[in-house]
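The values are calculated or read from the model by the stated rules, or taken from the named source; none is laboratory data. From a predicted model like this one, the values you see are computed outputs, not experimental measurements. Cβ placement follows ideal geometry from the backbone for every residue including glycine, while neighbour counts extend to all protein chains displayed.
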Amino acid sequence: MTASAAPDFALLLHALASEFDAQAGTEARDKLLHAVGRRMAERIAPPPCVAVEALEIEINDLLAKIGWGRMRFDVRPEEQALLITHENLPRLGAVGDPPGQWLAATLEGLYETWLSRQPGATDTYVANREPDRNGMSTPGTVVLRLRSFSA
């Protein structure tokens, strides 16, 4: 008996994503994926870190384990924000807006949850995707602006 290959769910997920958007719309999709991101963050979480650099390393290790790319932080004290550039987000073909970013809302829930559970976090964090103003973004790259709001 020969070993069988691991199942490939790409076709199923592409069809599911396309059909979900067609039936429920992008707002419902983003709400669902945001919640999925929060659940993922509960299943895998970085350890407590006191330095942004250490947290970046820990998050990149987690992302590597699940094959979800890499990220980097850019602290923006003048804006009271944290810019998160996430590269190599898994794609479901060209599904999503912009094309190839169907899973982007998942990152919002993921990062909001991870950061809210770090030492010293007393606020609610909200991540918003930065629009691609010049149409030059790299496929699979998502930029989030994370800000804290008092709960």
**Study point:** Matching residues, the range 66-111, being aliphatic (A, V, I, L, M) and over 10 Å from the mean Cα position of the chain (by Cα)
**Key:** I66, V75, A81, L82, L83, L92, A94, V95
Revision key, fill the gap. Considering only strands (runs of 3 or more DSSP E) wholly within the range 49-136, the ones with at least 1 residues that are over 13 Å from R147 (Cα atoms) are 70-76, 81-87
Exercise for review: May I ask you to list pairs of residues, at least six apart or on different chains, whose Cβ atoms are under 7 Å apart, with the first in the range 4-30 being hydrophobic (A, V, I, L, M, F, W, C) and the second being surrounded by 10 or more Cβ atoms within 10 Å (Cβ to Cβ) and outside any helix (DSSP H, G or I)?
Suggested key: L13/L92; A17/L92; A17/V95; A17/W102
Revision key, fill the gap. Among T85, T138, T106, T113, the single one that is polar (S, T, N, Q), within 25 Å of R29 (Cα to Cα) and buried (at least 20 other Cβ atoms within 10 Å of the Cβ) is T106
Practice item. Any residue in the range 113-130 that's closer than 13 Å to R38 by Cα: show its pairings with residues that are crowded, with 16+ Cβ neighbours inside 10 Å and at pLDDT below 90 at Cβ separation under 6 Å, as long as the two are six or more apart or on different chains. Key: L115/Y125; S116/Y125; Y125/S148
